[in-house]
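The values are calculated or read from the model by the stated rules, or taken from the named source; none is laboratory data. Computed from a predicted model, the values in this text were never measured in an experiment. Glycine also receives a Cβ, built like all others from the backbone with ideal geometry; neighbour counts cover every protein chain displayed.
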Amino acid sequence: MISASSESKNQVEILETGSYVGRVYQIIHIGTTETAFGSKDKARITFELPEEMVVFSEEKGPQPRAISKEFALSTHEKSILGSLLSPWLGKEFVAGQPFDVESLLGKCGMVTITHETTRDGKLYPSIASVTPLPKSLVCPDPINPPVILNYNDKWDEKVFEALPDFIKNKMMETEEYKTKMGILEDTIRPEDVPF
């Protein structure tokens with residue numbers, strides 16, 4: 001008998017709750033998606049945790065752990081992104097004032113991680129907050145190459161293809177992706193056809 005398992009050989013333990021030195025190394029513009037609160041233009045920000053090295057695969061050797069979070073692109077004080085940025089950057093955001101999210105690339109901070117539970121009862125780590133590094137603490141040199149992917153001036157098909165499938169699938173459902181790829185919705189109704 002040949003039996004298969006759904007478990008990975010290289011399962012990595014869940015990140016413990018606590019504060020970690022982190023650096024933003026990846027910013028991905030997801031695009032406009034439907035949420036419980038309506039349509040939201042979202043981005044995914046990923047921190048590498050350079051002091052938390054682990055072997056995901058033998059070929060690559062030790063690599064830093066990483067943690068990501070998706071945010072609606074709003075800096076309103078009640079938004080998740082706004083409440084994350086204010087204490088981290090030490091600034092209050094003025095209503096209507098634009099903020100360049102891509103300016104976060106390479107920025108370090110203390111990333112506080114908590115555990116949340118999925119609908120099927122599994123624990124996963126989540127970014128609760130980010131604060132400035134203490135003055136006595138130096139952020140280690142970056143390990144992962146910096147990555148920005150947006151639909152305007154920083155589109156790279158190789159970067160897109162390297163993303164996990166669940167992120168690519170989200171992106172492919174957005175108007176921004178469809179416009180970028182020239183995918184048009186079929187809007188012709190049968191009664192409009194003249195023959």
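Can you tell me which residue in segment 106-129 is farthest from Glu52 (Cα to Cα), limited to those that are surrounded by fewer than 16 Cβ atoms within 10 Å (Cβ to Cβ), in contact with a Pro (Cβ under 9 Å, 6 or more places away or on another chain) and not polar (S, T, N, Q)? Among those that are surrounded by fewer than 16 Cβ atoms within 10 Å (Cβ to Cβ), in contact with a Pro (Cβ under 9 Å, 6 or more places away or on another chain) and not polar (S, T, N, Q), it is Glu116. Conditions: (1) of a type outside the set (Ser, Thr, Tyr); (2) in contact (Cβ under 8 Å) with a residue 24 or more places away in the chain; (3) at positive phi. Val54 meets all but one. Number of the miss? Condition (3) is where Val54 drops out.
Would it be correct to say that Pro125 is within 14 Å of the chain's Cα centre (by Cα), of a type outside the set (Phe, Trp, Tyr) and outside any helix (DSSP H, G or I)? It is true that Pro125 is within 14 Å of the chain's Cα centre (by Cα), of a type outside the set (Phe, Trp, Tyr) and outside any helix (DSSP H, G or I). Listed by first and then second residue, the pairs with beta-carbon distance under 8 Å, at least 6 apart or on different chains, first residue in segment 23-49 and closer than 12 Å to Ser74 by Cβ, second part of a loop (DSSP other than H, G, I, E, B), are Lys40/Leu73; Lys40/Ser74; Asp41/Leu73; Lys42/Leu73; Ala43/Leu73.
Among the residues of segment 23-63, those that are buried (at least 20 other Cβ atoms within 10 Å of the Cβ) and more than 19 Å from Lys178 (Cβ to Cβ) comprise Arg23, Val24, Tyr25, Gln26, Ile27, Ile45, Phe47, Glu48, Leu49, Pro50. For Val147, are the conditions met, namely being within 24 Å of Thr33 (Cβ to Cβ) and of a type in the set (A, V, I, L, M)? In short, yes. When Ser79 is tested against (1) free of Cβ contacts under 8 Å to residues at least 12 places away in the same chain; (2) surrounded by fewer than 16 Cβ atoms within 10 Å (Cβ to Cβ), exactly one condition is not met: (2). When the criteria are applied in full, Glu102 meets the requirement of being surrounded by 11 or more Cβ atoms within 10 Å (Cβ to Cβ), modelled with pLDDT of 95 or more, of a type in the set (D, E, K, R) and closer than 20 Å to Ile30 by Cβ. Candidates in segment 144-180 are the residues that are under 20 Å from Glu48 (Cα atoms) and touching a Phe, Trp or Tyr at 6+ places or on another chain (Cβ under 8 Å); of these, the one that is surrounded by the fewest Cβ atoms within 10 Å (Cβ to Cβ) is Pro145. If you go through segment 130-188 and pick out every residue that is under 24 Å from Gly109 (Cβ atoms) and among the acidic types (Asp, Glu), you end up with 1.
Take segment 57-73 and flag every residue that is touching a residue at least 24 places away in the same chain (Cβ under 8 Å), among the small types (Gly, Ala, Ser) and assigned to a loop (DSSP other than H, G, I, E, B). Break it down stepwise before answering.
Kept after step one, since they are touching a residue at least 24 places away in the same chain (Cβ under 8 Å), are these residues of segment 57-73: 57, 63-73.
Narrowing further to those that are among the small types (Gly, Ala, Ser): 57, 66, 68, 72.
Answer for segment 57-73, where residues must be touching a residue at least 24 places away in the same chain (Cβ under 8 Å), among the small types (Gly, Ala, Ser) and assigned to a loop (DSSP other than H, G, I, E, B): just Ser57.
If you check Asp153, Asp186 for being modelled with pLDDT under 95, among the acidic types (Asp, Glu) and either more than 24 Å from Leu85 (Cβ to Cβ) or part of a helix (DSSP H, G or I) (or both), only one passes: Asp186.
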